[in-house]
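Worksheet: the structure to be examined is printed underneath.
Read-outs throughout are calculated quantities, based only on the coordinates presented, and are distinct from any laboratory measurement. Everything numeric in this text was worked out from a predicted model, so none of it was measured. In this analysis, Cβ positions are derived from the backbone assuming ideal geometry, glycine residues included, and neighbour counts consider all displayed protein chains.
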Amino acid sequence: MSSLKKISLKDIAEAAGVSTALVSFVLNGKKKEYRVGEETAQRILKIANEMNYQPNLAAKSLRSGKTKTIGLVVSDISNPFFSQLARVLEDEATKQGYTVLFGSSDEDTDKMSVVVGNLINKGVDGLIIVPCENSEKAIASLINNNIPIVLFDRYFPELNVSYVALNNFNASYIATKYLLDSGYNSPCMAAYDINLVHMKERVRGYKKAMENAGKKNMINVVFLKQDTPRKSADRMLPKMIEAGADAFLFGTNMISLACLYTIKDMGQDVIGKIGLAGFDGNPVFDFFNAPISYIQQPIETLVQKALEILIDSIAERNAVQSVLAEGVFVEASS
């Protein structure tokens, strides 16, 4: 028989010097509703964590019909951007009394549907999904079945569903303009060959910046295969550089990584002359000894907003919301 004592709300209340009801409000994410002070709420959460409090989810679900769990489905949890998303979401959800279950789609619609189905079977109250290409029908099915859902990073304009994403057009425009203002004559763009709105908007922003600079006839976008970006980069980038490309805007941090390997293999004299900009930083970039500027996505703001919308949706007290946040341009240190 285990000697470990199961921690109760009463135990936490006694340690915090507050009522059991107050502890319940905080741990069930109702601190705002019952006007619990932030300092008191944080003290209760800290004590609950130190005492290793484990809520009885089964009993809670029977009482409320809710499990206080949400599901997060990303394309690839090993991608630094999505691993950061998962980390921040877990922290923010904990503050609201929620637990997060994770899954990766590997950019495969069928796998995404399986992962989503498994999370629903586990009783999640709602889902935050980074949708993959051609997953419109799967998302529409969730909407039609009244599953609380928020799309993150990517979205489908034709679907009536809440989403939170970067303003990709503005971000790409700013990054391209930076390259042009830095004196580069022929910036090119490397993007994924996919039919997703975030990539389309990034390409559109690049093209608009080039057009406004009077370089419409110099617009040059190379599309890499998403499953083999390094192979595509090895085949295409050297030809572009030989033809006069003196700067690149990379459509994602993974594209940046693939292309940096290619350019590095061309020699340090080449990588030192090419202007580089992309989306999201990556510690691995330091390995290439090539200054790369990037758009930093406001991940905490995006996550907080997505979680807020989802919790409201779970409580059936919100309409569909569309949020586009502005990124911050981080100039490379020379």
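Summarising the strand pairing of the chain, around 10 percent of its internal DSSP beta bridges are antiparallel. For the chain, the orientation-averaged shadow of the C-alpha convex hull comes to 20.6 nm² (one quarter of the hull surface). Taking a sphere under 13 Å around the Cβ of residue 272 and counting the other residues whose Cβ falls inside, with K and R at +1 and D and E at -1, yields a net charge of 0. Take the cross-link list 177/264; 111/137; 137/305; 177/208; 68/95 and give me the ones stretching past 19 Å between alpha-carbons. From 177/264; 111/137; 137/305; 177/208; 68/95, over 19 Å: 177/264; 137/305. Within the stretch 277-334, the proportion of Cα pairs with more than 16 Å between them is 56 percent. Against the chain, whose longest principal axis comes from its Cα atoms, helix 197-212 is set at around 40 degrees. A P(r) calculated from all alpha carbon pairs of the stretch 168-296, with 10 Å bins opening at zero, reads 14, 50, 33, 2 percent. Partner aspartates and glutamates whose Cα lies under 15 Å from the Cα of residue 231, excluding those fewer than 8 positions away in the same chain, are identified as 193, 265. Averaging 1/r across all pairs of distinct Cα atoms in the stretch 9-54 and inverting the result yields a Kirkwood radius of 10.1 Å. Only helices enter the 222 nm calculation for the chain: every DSSP H run of n ≥ 4 contributes -39,500 (n - 2.57), and dividing by all residues gives -14000 deg cm²/dmol, rounded to 500.
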